[in-house]
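Worksheet: the structure to be examined is printed underneath.
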Amino acid sequence: MKKGSTVFLQVVILLIGIVALAIMIRFPLTEGRAVNLDLFSIYADPFIIYGYLVSIPFFVALYQAFKLLGYIGQNKVFSLNSVKALRNIKYCAIILGILIMTTVLYITIFHAKDDDPAGFIATGTLATFISAVIATAAAVFEKTLQSAVDIKSENDLVV
Amino acid sequence: MRKSSTFFLRAVVVVIGLAVLALCIFGLPVIVREVFEYISDFAYLKFPTLIGLYITAAAFFFALYQALKLLSYIDENLAFSELSIQALKKIKYSALVMSGVYLLNMPIVFFLADKDDAPGGIIIGMVFACAPFVVAVFAGLLEKLLKNGMEIKSENDLTV
């Protein structure tokens, strides 16, 4: 296995993580109502905190993908470890999807009357959809990989 | 292999394809026209740009079709086979084509962003150029993995 491509993808994952983190830290400061608040009350807003909590599964999944690429680079991809990493990614995507969907429902029902959160709802629905796609893709990969691992362990027993 | 999970993915691929098709038919001509009305100094680049964008769309549809084929191979338990390796190879090449054409389009994005005084436009253009490249690397990696898996499997078939 050539090492270059896994390292490249690992760098991409790192970049995605850093960009996501930077946006998450920067965004509350640009919010209109944050102008008159001190730093503490900006970040102590319940919704902002909820946003940070929701992001945890996202970063866990990124870390698992990073680990998975590491296994591939070490030629250990057909192992139970990588199946487990894929399973964790699947669970993270499911949790993330459910949390985002809950948020969208909450905002849809309880938003202020003169507010129009159409953009938020569209983005949130799209994010839920993407999470579902990633969860299924991870599940398919997991199944395929599991079958390969089974074959390999059979092999190792025979030899 | 459960059929339901790849069915969902196939449906997603089809939906994405339809959305991009709609964008190609209704969106692209309008966007390109407006962009070149805005930077009218480069009007002679209008048709090459439009053709380039349609080339990337064609490559995209080709890659989507290969993805559909790959998913059906997974359904038939043929994931570790020469067929799926071929499909991944084609996905890799079409992603590289898309990346290359978007890179060629970068000067136009650059002029547009410059005239609009919106440096964010360049970043978005670079993301468009880089994302297919990441997909290409990923497809290449999967291709190698499948080759590995195929070797393991054929070893198995020989011993049994």
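Since every read-out is calculated from the coordinates, none of them should be taken as a lab result. Keep in mind the model is a prediction, meaning the values are calculated, not measured. So basically every Cβ, Gly included, is an ideal-geometry build from the backbone, and we count neighbours across all protein chains shown.
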Only helices counted: for the protein assembly as shown, with every DSSP H run of 4 or more residues adding -39500 (n - 2.57) and the sum spread over all residues, [θ] at 222 nm is -30000 deg cm²/dmol
Applying the gyration tensor rule to the Cα atoms of segment A:73-159 (axes a ≥ b ≥ c; rounded if a/c under 1.5, else prolate if a/b exceeds b/c, else oblate), the class is prolate
Counting other chain Cβ atoms within 10 Å of each Cβ in A:135-146 and taking the mean gives 5
One finds the C-alpha centres of segment A:80-106 and segment B:84-160 to be spaced, in Å, by 25 Å
Among segment B:89-116, those whose backbone N falls under 19 Å of a label point 7 Å along Cα→Cβ from B:PHE42 are B:98-116
Computed over chain B: longest principal axis from alpha-carbon atoms vs helix B:120-159 long axis, angle to nearest 10 degrees, is 10 degrees
Counting other chain Cβ atoms within 10 Å of each Cβ in B:145-153 and taking the mean gives 5
Helix A:118-158 sits off the longest principal axis of the Cα atoms of chain A, rounded to the nearest 10 on a 0 to 90 degree scale, by 10 degrees
Partner shielding of B:9-20, taken as the mean number of other chain Cβ atoms within 10 Å, equals 1
Label model pair A:ALA112, B:ARG33: point-to-point distance (7 angstrom along the Cα→beta-carbon line) in nm is 4.1 nm
Expressed in angstrom and rounded, the centroid-to-centroid distance over alpha carbons for segment A:144-159 and segment B:1-75 is 39 Å
A correct Karplus calculation of ³J(HN,Hα) over segment A:63-78, with 6.51 cos²θ - 1.76 cosθ + 1.60, θ = phi - 60°, whole Hz and x for Gly and Pro, returns 4, 5, 5, 4, 4, 4, 5, x, 4, 4, x, 8, 6, 10, 6, 8
Gyration tensor on Cα atoms of the protein assembly as shown, a ≥ b ≥ c root eigenvalues, a/c under 1.5 rounded, else prolate if a/b beats b/c, else oblate, says oblate
For chain B, the longest principal axis of the Cα atoms and the Cα long axis of helix B:3-22 enclose an angle in degrees, to the nearest 10, of 20 degrees
Relative contact order as a percentage, chain B, C-alpha pairs under 8 Å and 6+ apart, gives 24 percent
Rounded to the nearest whole number, the per residue volume of the convex hull around the C-alpha atoms of segment B:3-159 in Å³ is 103 Å³
The relative contact order of chain A, taking Cα pairs under 8 Å that sit 6 or more residues apart, comes to a percentage of 24 percent
